Amino acid sequence: MTIRVLGGLVSFPLSDRVLRDDYLTGLDDRPVADIRAMRAECEEAELGVSFARRILQGHLDIVESELRRRDAGGVADANSLHDLVERLPEILADDHARSGGPTSRAIDLAPDMPAQELLVAIDNAVGGGAALADLDRRSEAEVVAVADRLRQLEREFSRMRRELHERIDLLKVELSGRYERGEITVDGFLS
């Protein structure tokens, strides 16, 4: 899986392909093996998008924490970054209130999942130049802009994730329908 930034948004070629309007065209005429392969592609794309979304949410949590610190009267100085690093376990804890609540789903990264490439792409998409590493040297307006851009990217990843889940569900319904019509066996349906 490769990751690129198009128009400032992080993009995954696999999810781009499975989210094309024509991806599910002619589903009724496709062999079961093709439908299973399509479901696996959609699930792989969803895994990548979910991973990216979680990384992005972590970035957003850090930036929002910096904004809260500033709103509470904190000033940017040499200790700001040190304080931020000290608070990371609390900031990134999975028990925080976020829309959708905490997730217990473990993401098993495949060896080809380019985590470093993802981090660079997200950083470039939100303004480049180590957006999180220099929060203490950025003006409040710049930090707000980074937070806004992260929120925009998070909404985009959430949209992609919903669309991928819809496709996975449609492919499962197609396989289920074929099972009900006797076109495949239980073993064929479950594989």
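All of the numbers you see were taken from the coordinates with simple rules; none came from a lab. All figures in this text were calculated on a predicted structure; none of them were measured in a lab. Cβ: placed from backbone, ideal geometry, glycine included. Neighbour counts: every protein chain shown.
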Completion exercise
With label points set 7 Å from each Cα along the Cα-to-Cβ direction at A133 and V32, the distance between them in nm comes to 5.3 nm
Completion exercise
With R₀ set to 25 angstrom, the calculated FRET efficiency between the beta-carbons of D71 and A93, to the nearest 0.05, is 0.75
Handout entry: Computed lengthening from D22 to V144, 0.36 nm per intervening residue step minus Cα-Cα distance
Key = 40.1 nm
Exercise for the section: Order these peptides, 16-28, 134-146, 153-165, by their mean beta-carbon neighbour count within 10 angstrom, highest first. Expected result: 153-165, 134-146, 16-28
